[in-house]
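The values are calculated or read from the model by the stated rules, or taken from the named source; none is laboratory data. Quick caveat: nothing in here was measured; it's all calculated off a predicted structure. Don't worry about glycine lacking a Cβ; one is built from the backbone with ideal geometry, like all the others, and counts go over all protein chains shown.
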Amino acid sequence: MKKLVSSITLIGLTISMLAQLANAAEVYAPVPEKINGVMNSAAPSDAIVLFDGSDLDAWQSADSEEAAAWTIEDGVVTVKNGTGSIKTKQAFADFQLHIEWSPTATIMGEGQSRGNSGIFLNSIFELQVLDSWENPTYVNGQAGSVYLQHAPLVNVSKRPGEWQSYDIIFKAPLYAASGELESSAYVTVFQNGVLVLNTVEILGATYTEEPEYSNRCTPYGQTREQDCSGPMPLTLQDHGQVVSFRNIWLRELR
């Protein structure tokens, strides 16, 4: 009987201690902001809508900073070949990005000459856009890759002409006041709802001779060197091929 009482007492004390630990660990502030999530393809209520099908007011030419000259029709923006890449007027650090894209249904060319465009995170690091449906090329240059650095885990590309999606979590590089790199950029990417890049480290700029980080750079599609140590625009590439985009929104994470 004494052993039973002791066991019951011990259980009671253990439950009491666990309750105290739980109370000590409970946090009530700050209360997370209440937002509306994605519903029927609409952006979350705290998102910055970069393209909703109506205009390119959030964008400008990557190099001249004149109005973006790409073509808008039926709620879709399409690369207007020869007008150059476009970038957001606003600069961002860490973010969640949703973007939908579609290479032309008319198959023209092969490999890197088929439905090629790109999403330049920080205007420096290219997430490849390519028609990768039955289109062999180097794997770190197919859709879903960090160009010339990381191949996607799987090829989940749809047929040309069909709409595809990227959902991207991007962590921007960090620089010290001295200009030295403190932390590389990282990216996670879901293509068509499937994880294709899992928190991979970006090795540096994807369009230079070798991957490199620098607090001063000339962003992709531009001709002027600038400070690249802080928030940067998002750039969409004019690669001379027919690629369309729609439903672009971004949530800042810092």
Q. Would you pick out the residues in segment 92-127 that are of a type in the set (G, A, S), closer than 20 Å to G204 by Cα and assigned to a loop (DSSP other than H, G, I, E, B)?
A. A93, S123
(Q) Give me the residue from segment 172-189 that is outside any loop (DSSP other than H, G, I, E, B) and in contact with a Ser or Thr (Cβ under 8 Å, 6 or more places away or on another chain) and, out of that set, farthest from G115 (Cα to Cα). (A) Y175
Q) How many residues does segment 205-218 hold that are polar (S, T, N, Q) and either under 12 Å from the mean Cα position of the chain (by Cα) or under 19 Å from A143 (Cβ atoms) (or both)? A) 1
Q | First in segment 45-65 and on the phi > 0 side of the Ramachandran plot and modelled with pLDDT under 95, second anywhere and assigned to a strand (DSSP E or B) and among the basic types (K, R), Cβ under 9 Å, 6 or more apart | A | E65/K87
(Q) Could you check segment 43-91 and list, in sequence order, the residues that are of a type in the set (A, V, I, L, M, F, W, C) and part of a strand (DSSP E or B)? (A) I48, V49, L50, F51, W59, A67, I72, V76, V77, I86
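Against the condition farther than 29 Å from L253 by Cα and either surrounded by 13 or more Cβ atoms within 10 Å (Cβ to Cβ) or at pLDDT below 95 (or both), how does T83 come out, does it pass?
yes
So that you can scan it fast, the table gives a plain yes or no per residue for (1) in a loop (DSSP other than H, G, I, E, B); (2) modelled with pLDDT of 95 or more; (3) of a type in the set (D, E, K, R); (4) surrounded by fewer than 19 Cβ atoms within 10 Å (Cβ to Cβ):
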residue: W133; (1), (2), (3), (4): yes, yes, no, yes
residue: N140; (1), (2), (3), (4): no, yes, no, yes
residue: G144; (1), (2), (3), (4): yes, yes, no, no
residue: V154; (1), (2), (3), (4): yes, yes, no, yes
residue: S157; (1), (2), (3), (4): yes, yes, no, no
residue: G161; (1), (2), (3), (4): yes, yes, no, yes
residue: Y166; (1), (2), (3), (4): no, yes, no, no
residue: I169; (1), (2), (3), (4): no, yes, no, yes
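So that you can scan it fast, the table gives a plain yes or no per residue for (1) more than 12 Å from the chain's Cα centre (by Cα); (2) closer than 22 Å to I248 by Cα:
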{"site": "L153", "(1), (2)": "yes, no"}
{"site": "Q164", "(1), (2)": "yes, yes"}
{"site": "D167", "(1), (2)": "no, yes"}
{"site": "F170", "(1), (2)": "no, yes"}
{"site": "Y186", "(1), (2)": "no, yes"}
{"site": "T199", "(1), (2)": "no, yes"}
{"site": "L203", "(1), (2)": "yes, no"}
Q | In segment 206-242, the residues that are free of Cβ contacts under 8 Å to residues at least 40 places away in the same chain and of a type in the set (G, A, S) | A | S214
Q: Could you run through segment 196-220 and say how many residues are surrounded by fewer than 16 Cβ atoms within 10 Å (Cβ to Cβ), farther than 22 Å from Q164 by Cβ and hydroxyl-bearing (S, T, Y)?
A: 1
**Q.** Single residue of D74, D94 found to be modelled with pLDDT of 95 or more, touching a Leu at 6+ places or on another chain (Cβ under 7 Å) and surrounded by fewer than 20 Cβ atoms within 10 Å (Cβ to Cβ)
**A.** D94
